[in-house]
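K.L.:
Here you go, one structure.
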Amino acid sequence: MSLNTTEQWKQEKHPLDVVADLREYAEEELGFDEIEERAGDGEWERLKWAGTYTQKQEGYFMMRTKVPGGHLTPEQAEVIGEVADEYAVQPEEEYDEVNDDYWGDAYLDITTRQDIQMHWIRVEDIPEIWDKYDEVGLTTIQGCGDSARNVLGCPAAGLDEHECFDAQPVIDAVSDYFTGNREFGNLPRKFKMTITGCKHDCAQSQINDVGLVPAKKELDGEGAGYTYGFHLRVGGGLSDGPRMASNLDVFVRPEDAVELCRAIAQTFKELGDRHNRGVCRMRYLVQQMGPENFEQAVRERCDVELPESGIDLTEGYVGDHVGVHDQKQEGLQYVGFNVISGRVGGDEFVEAARAAKEYGTEESTIRLATDQNFLITHVPEENVEDLVNEEFAEDYQPDPGPFSRGAVACTGTEYCKYAIIETKARTKQWARQLDEQIETPDDLDVVRMHMSGCSASCAQPQIADVGFRGETVKVETADNSDDDIVEGMDVGLGGSLGADNAFIDWVETAVPAGSVTDALEELFAVYTEERTEGERFYEWTRRVDNDRLRTVMQRADGPVSTGVAHGD
């Protein structure tokens, strides 16, 4: 069986070699046509290992900055904001009426993997950006590509009392090991890890290739006590073929976590599928081998002792740090700012960094969260009011309505070649509209509403209360003379992570975008009337039959769908 095309490109040249090549392209001021003429069309795939991804506007890159555990110093955040403000500038001729009124022309996006993405990056500017990053310990290397991606963690690591231990040092050690490591620089597919000492699993271990979650193990000898470490979950993921991770019978000490992750990567490297790119993610390997056989393969490749599992300390999933929270350090608080769709002006991020230094202590940090929000930490209680009244915070207040609080959006058609619908501005508009128009129960603090522009899951719609997946839809015209083709989406309901984890059911397909908010208003009216005490929205949608949910949604006024427009 022959290798898939992408794999052939990776065999022609080690993908990490492209980092040096990119500096050369910049120095020679090569255009995209000249780069392809010199290195072939496979170079666009290999350039992902430098953290650069071609956007749909020819001649420009999206650049992804890795932020392990979402943990930034104010100095790092300031440089990121300055880079966005100076280099991620949209040309005047590319003015976008839908988005520019919302965002301006120089901004950054916080992603669901605690990365930073910027657009409109030119080849010739990349070395200058890297030089600025080097000065503060940032990197874009392996921000994309078939290698170890950014390592996730709890954004409140080291802060919350419900934390068993601070796993950020382990995150940093694992990230340092894999970044730039040629031995594991070419895996069958992207390799996603998450490591947390938090009981609430905010780092989403259930939907990652590798998840290390807090646990304790009884020491030998009566009354000897416990040692703390991690339990292991493997094979989770979203997109096509979503799968919750499997628990393996493994306990790993923090000091052994790097070696365990190395052994898992080696297992994937040796046994993963390099022929059919559609099924080469690690979750398919775990599914095909079975968790027990996969565990045995990892044990055979691991050079440290892996005792059997101990006592699991995970208590469920929270995944939300919006608001003002007490830290375990007396007198200090952290503030979770709500960023609808994850998009922040470069100048605003610079101001956030300045505010962290001004209102926080010397330990103050900025943390990126998987729900596309950010935190400012180590703020003395008496400084919190001044912080939230800063001009940069005006649009990101820590007390949003439930829809704004839970809104997540992928890049969408604005830049992504694969997206079918616009997502960022639409999500922001809808979240605020729904907060104004829907009266939700007082105890419903968040409705997770995630919008992906295509069937990929960059916005994680499968784990949302309400998930959207982009489609083009045919609708009736006013005079019934013909069908119009408009943006639309499949609507899913009832996703969640934690002890009651489940992926959403795609309840309604090919819904015109103009009908969606009215349909949600109908749904929430019935939910508010019928819910039991304390019942979350996702719990109610699972209790109610899908046919009835669909009927309730179809009561809404709006364009009438006549089917999906694919293939027309």
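K.L.:
Hey, could you check region 219-247 for residues that are of a type in the set (Gly, Ala, Ser) and assigned to a strand (DSSP E or B) and say which is nearest to Gln142 (Cα to Cα)?
P.N.:
Once the filter is applied, the top-ranked residue is Gly237.
K.L.:
Next question, about the same structure. Taking interchain pairs and intrachain pairs at least six residues apart, which have beta carbon atoms under 7 angstrom, with the first residue in region 110-133 and under 13 Å from Ala88 (Cα atoms) and the second surrounded by fewer than 23 Cβ atoms within 10 Å (Cβ to Cβ) and of a type in the set (Gly, Ala, Ser)?
P.N.:
Qualifying pairs under 7 Å: Val123/Ala26; Glu124/Ala26; Ile126/Ala26.
K.L.:
Testing Gly158 on (1) part of a loop (DSSP other than H, G, I, E, B); (2) in contact (Cβ under 8 Å) with a residue 40 or more places away in the chain; (3) not charged (D, E, K, R), one condition comes back false. Which one is that?
P.N.:
(2)
K.L.:
While we're here: Looking only at region 78-97, how many residues end up being over 25 Å from the mean Cα position of the chain (by Cα) and of a type in the set (Val, Ile, Thr)?
P.N.:
0
K.L.:
Then there's this: Taking Arg189, is it at pLDDT 95 or above and assigned to a strand (DSSP E or B)?
P.N.:
no
K.L.:
Further question on the same structure: Restricting the search to region 225-277, which residues are aromatic (Phe, Trp, Tyr) and either at pLDDT below 95 or within 28 Å of Ala502 (Cβ to Cβ) (or both)?
P.N.:
Of everything in region 225-277, those that are aromatic (Phe, Trp, Tyr) and either at pLDDT below 95 or within 28 Å of Ala502 (Cβ to Cβ) (or both) turn out to be Tyr226, Phe230, Phe251, Phe268.
K.L.:
Another one. Here are some conditions: (1) charged (D, E, K, R); (2) assigned to a loop (DSSP other than H, G, I, E, B); (3) at negative phi; (4) buried (at least 18 other Cβ atoms within 10 Å of the Cβ). Lys216 meets all but one. Which one does it not meet?
P.N.:
(2)
K.L.:
Here is a further query. Check Lys13, Lys48, Lys56 and return the single one that is crowded, with 20+ Cβ neighbours inside 10 Å and of a type in the set (Lys, Arg).
P.N.:
Being crowded, with 20+ Cβ neighbours inside 10 Å and of a type in the set (Lys, Arg) holds for just one of Lys13, Lys48, Lys56, which is Lys48.
K.L.:
Looking at this structure, is Ile126 surrounded by fewer than 24 Cβ atoms within 10 Å (Cβ to Cβ) and within 20 Å of the chain's Cα centre (by Cα)?
P.N.:
Against the criterion (surrounded by fewer than 24 Cβ atoms within 10 Å (Cβ to Cβ) and within 20 Å of the chain's Cα centre (by Cα)), Ile126 does not qualify.
K.L.:
Still on this model: Which is among the aliphatic types (A, V, I, L, M) and surrounded by fewer than 18 Cβ atoms within 10 Å (Cβ to Cβ), of Ala263, Ala224, Ala257?
P.N.:
Ala224
K.L.:
Could you identify the single residue in Gly278, Gly236 that is farther than 25 Å from Pro155 by Cα and within 27 Å of the chain's Cα centre (by Cα)?
P.N.:
Gly278
K.L.:
For region 479-538, how many residues meet the condition of being assigned to a strand (DSSP E or B) and either without any contact (Cβ under 8 Å) to a residue 12 or more places away in the chain or within 23 Å of Ser455 (Cα to Cα) (or both)?
P.N.:
Total meeting the criteria: 20.
K.L.:
Still on this structure, please answer the following. If you take just the strands (runs of 3 or more DSSP E) that sit entirely in region 357-454, which of them hold at least 2 residues that are outside the structural domain of Val339 (by TED's automatic domain parsing) and within 17 Å of the chain's Cα centre (by Cα)?
P.N.:
Ranges flagged: 407-409, 449-452.
K.L.:
Another one. Mind checking whether some residue in region 309-324 is hydroxyl-bearing (Ser, Thr, Tyr), at pLDDT 95 or above and under 20 Å from the mean Cα position of the chain (by Cα)?
P.N.:
Checked region 309-324: no residue is hydroxyl-bearing (Ser, Thr, Tyr), at pLDDT 95 or above and under 20 Å from the mean Cα position of the chain (by Cα).
K.L.:
May I ask you to list pairs of residues, at least six apart or on different chains, whose Cβ atoms are under 9 Å apart, with the first in region 266-294 being closer than 17 Å to Lys10 by Cα and the second being of a type in the set (Ser, Thr, Tyr) and not in a helix (DSSP H, G or I)?
P.N.:
Listed by first residue and then by second, the contacts come to His275/Ser2; Arg281/Ser239.
K.L.:
For region 455-476, give me each residue that is in contact with a strand residue (DSSP E or B) (Cβ under 8 Å, 6 or more places away or on another chain), part of a loop (DSSP other than H, G, I, E, B) and of a type in the set (A, V, I, L, M).
P.N.:
Listed by number, the residues that qualify are Ala459, Ala464.
K.L.:
Among the residues of region 321-329, are any within 28 Å of Glu362 (Cα to Cα) and crowded, with 23+ Cβ neighbours inside 10 Å?
P.N.:
Yes; the residues of region 321-329 include at least one that is within 28 Å of Glu362 (Cα to Cα) and crowded, with 23+ Cβ neighbours inside 10 Å.
K.L.:
Here is a follow-up. Do you know which of the residues in region 129-167 that are buried (at least 22 other Cβ atoms within 10 Å of the Cβ) and hydroxyl-bearing (Ser, Thr, Tyr) is farthest from His14 (Cα to Cα)?
P.N.:
Step by step, filter region 129-167, then rank; the result is Thr140.
K.L.:
Something else now. Which of the following residues is modelled with pLDDT of 95 or more, acidic (Asp, Glu) and buried (at least 24 other Cβ atoms within 10 Å of the Cβ): Asp395, Asp371, Asp399?
P.N.:
Asp371
K.L.:
Sort out which residues of region 57-101 are among the hydroxyl-bearing types (Ser, Thr, Tyr), touching a residue at least 24 places away in the same chain (Cβ under 8 Å) and more than 17 Å from Asp131 (Cβ to Cβ), and write them in order of number.
P.N.:
Tyr60, Thr73, listed by residue number.
K.L.:
Here's another thing I want to ask about it. Would you please list the contacts, defined by Cβ atoms under 8 Å and residues six or more apart or on different chains, that run from a residue in region 368-390 that is farther than 15 Å from Ala77 by Cα to a residue that is modelled with pLDDT under 95 and outside any helix (DSSP H, G or I)?
P.N.:
Every condition considered, the pairs that remain are Thr370/Cys202; Thr370/Ala203; Thr370/Gly319; Asp371/Gly319; Asp371/Asp320.
K.L.:
Follow-up question, since we're still on this one. Taking region 161-177 as the region of interest, how many residues are in contact (Cβ under 8 Å) with a residue 40 or more places away in the chain, in a loop (DSSP other than H, G, I, E, B) and not hydrophobic (A, V, I, L, M, F, W, C)?
P.N.:
2
K.L.:
Could you tell me whether any residue of region 126-137 is in contact with a strand residue (DSSP E or B) (Cβ under 9 Å, 6 or more places away or on another chain), at pLDDT 95 or above and part of a loop (DSSP other than H, G, I, E, B)?
P.N.:
No: zero hits.
The values are calculated or read from the model by the stated rules, or taken from the named source; none is laboratory data. Note that this is a predicted model, so its numbers are computed, not measured. Counting neighbours? That spans all protein chains shown, and the Cβs are built from the backbone with ideal geometry, glycine included.
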